[in-house]
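Readers should treat all values here as calculations from the given coordinates under stated rules, not as data from a laboratory. Predicted model only: the values in this text are computed from it and were never measured. Please note: Cβ atoms are built from the backbone with ideal geometry, for glycine as well, and neighbour counts cover all protein chains shown.
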Amino acid sequence: MANSYLTRTQTAGNRRKGTFSAWVKRSALAYNYLISWNSTISGTSHGDWIRFNDNKLDVIKYTGSVVYRVQTNRLFRDPSAWYHIVVAYDSEQSTASNRIRIYVNGVEETSFDTSTYPSEDFDFQFNHNSIVACVGKNYNTEANFNGYMSHVAWVDGQQLAPTVFGQTDSTSGIWKFNHHLV
């Protein structure tokens, strides 16, 4: 359905580990927000997004300046393709590049246009009590996701691999949804 999105006021959970997974198909090559979080803490607006920005996958936190940002070099410009996006967070990792891991169709992205990682033991916006999460929309504008989203999941407290959500078909070699989850 056009211009559809979901919102949820979160309850307290693990703010250092979590995994976002979604199967997406873009209809327009514009800003496309997969999920966003917003809050005002001590009078400062905080925003977190997983989005397509300039046709790159962009994971960012902004509070007047960039706190963390991991943006792929890879371009996502095929409006006929389904992409399985997994963003796995764990700020307790001692290696900075393991704190935000991005996977597309089961393969970890390792080439980035920008890679500024959060500090160790950073508390993310997700699972922050009373923060609103918006799936398929930017929290503060009418910039909805222009395309299709399926099998969207948020897993609290675990940094999961993409194989939890998908698998490679042994005959075709194509990455597909893991039907064992249903």
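Build a GNM of the chain with springs between Cα atoms under 10 Å: which of Asp123, Asp90, Asp169 gets the top mean-square fluctuation? Ranking Asp123, Asp90, Asp169 by mean-square fluctuation puts Asp169 first. In order along the stretch 79-89, phi translates into HN-Hα couplings of x, 9, 9, 8, 10, 9, 9, 10, 10, 10, 9 Hz, rounded to whole numbers, per the Karplus curve 6.51 cos²θ - 1.76 cosθ + 1.60 with θ = phi - 60° and x for Gly and Pro. Taken along its principal axes, the alpha carbon cloud of the chain reaches lengths of 54, 39, 33 Å, longest axis first.
Under the convention that each Lys and Arg Cβ holds +1 and each Asp and Glu Cβ holds -1, the size of the dipole of the stretch 81-182 around its Cα centre is about 360 debye.
Here the stretch 55-160 is treated as a sphere whose radius is the Kirkwood value from Cα pairs; by Stokes-Einstein at 37 °C and 0.692 mPa s it diffuses with a coefficient of 216 µm²/s. Contact order, relative form, for the chain: 34 percent (alpha carbon pairs under 8 Å, 6 or more residues apart, mean separation divided by residue count).
For the chain, the Cβ-based charge dipole about the Cα centre amounts to some 300 debye (Lys, Arg positive; Asp, Glu negative; other atoms uncharged).
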